[in-house]
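First comes the structure, then the notes that go with it.
Quick note: the coordinates plus some simple rules give every number you see, no bench work behind them. Remember, predicted model here, so these are calculated numbers, not experimental data. Glycine gets a Cβ as well: all are built from the backbone with ideal geometry, and neighbour counts include every protein chain shown.
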Amino acid sequence: MLQGIFQTLKHRFGQKLRANRNAFGRKSLKFLLSKLEHMTLRLSILPRQKSDHSLERRIERHYHDLQLNASDYYGNLLATLKHSTEQQLHSLLRLLLPWLGKVQTKRGQPLPVEVHGFGSFGSPFYMLSTNTLVVPLSLLGPPLYSPGQSELLSYSSLGFILGHELSHGFTPDAVRIDSRGRAQIGIGLEVLRNRRFRDEATCLRFRFGAEQLEEKFADANGLDLAYSAYFDAAEGDRRWDENSIEPGQTSTLRQQHFFLNFAQFFCSDEDSSQDNDDHGTDRRRVNDAVANFEPFQQAFNCSKSWFEKRYRQRTQCRLY
Ligand SMILES: [Zn+2]
């Protein structure tokens, strides 16, 4: 199911790239499309193995040098951070020194994960070095997923999350790296110099600050992709799963349902004032993603202010 959603999102983003609002040159466009085409989705951060036994052996080998002590919490923390940092350094080296590109992470190897504080990864992430989107299996449970749930629910939650991560491959920083994790200075500069791309990046920077640019782009683009993947798919393409719709439910209600379930993802009992540097608070994330998003305005019949109608049409900043 996740792979299916991922393919639909890729398809939608491919259509968007091909529409080429930015008027990218042939080389830039080919580069972006190739990166999209080669992006893969991997379930679970564990190596793919045939048997539990060999998986266990692999993990043992991976952590071979790591010495942990049952009674030394802080010592263990330091030791594991050191272990992760070394992995990270290794993948960073590969990014900076593209001729080492051949030292690719083999498919079966454990993935180097980035360390945010002391957390382990409970949410999906995009790996620039392998152009891979990694989804931990722990994600596939309520409230995001229950077996047999309607496509509307899947697209508005999981679809958004995958769309968000996919977008991370196309941020101003990420367009310098190709689909095999190698730096491509020339083509990266060509994309970055594109006038519309530059203007839109400035728009994002102006609205959210340089620190949040990438995340805000990923949120807005991810929502757009998930929404259009679900609603705009060609007629006949989409089999409306009727069990998700109350009898007589109009498409407006369906749209509202989509946005409400999207917002629900951010619902938590955590203190919303606890700001996250990159993403902003959850409340802001929801509002920033839907603000000026036309389908949202339609769904909830948002009226434009007198000023907006008269002087300017506010739009979202869109890199593509
Ligand atoms: Zn993100």
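Okay, here's what the table says:
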{"read-out": "Gain on full stretching of the segment that runs from N287 to E86 - 0.36 nm per residue minus C-alpha separation", "value": "68.6 nm"}
{"read-out": "Computed E for N20/A210 - FRET, C-beta separation, R0 25 angstrom, nearest 0.05", "value": "0.40"}
{"read-out": "Where labels lie 7 Å past Cα in the beta-carbon direction, separation of Q7 and D269 in nm", "value": "4.1 nm"}
{"read-out": "Inter-site label distance for T202 and N301 at 7 Å from Cα along Cβ, in nm", "value": "3.9 nm"}
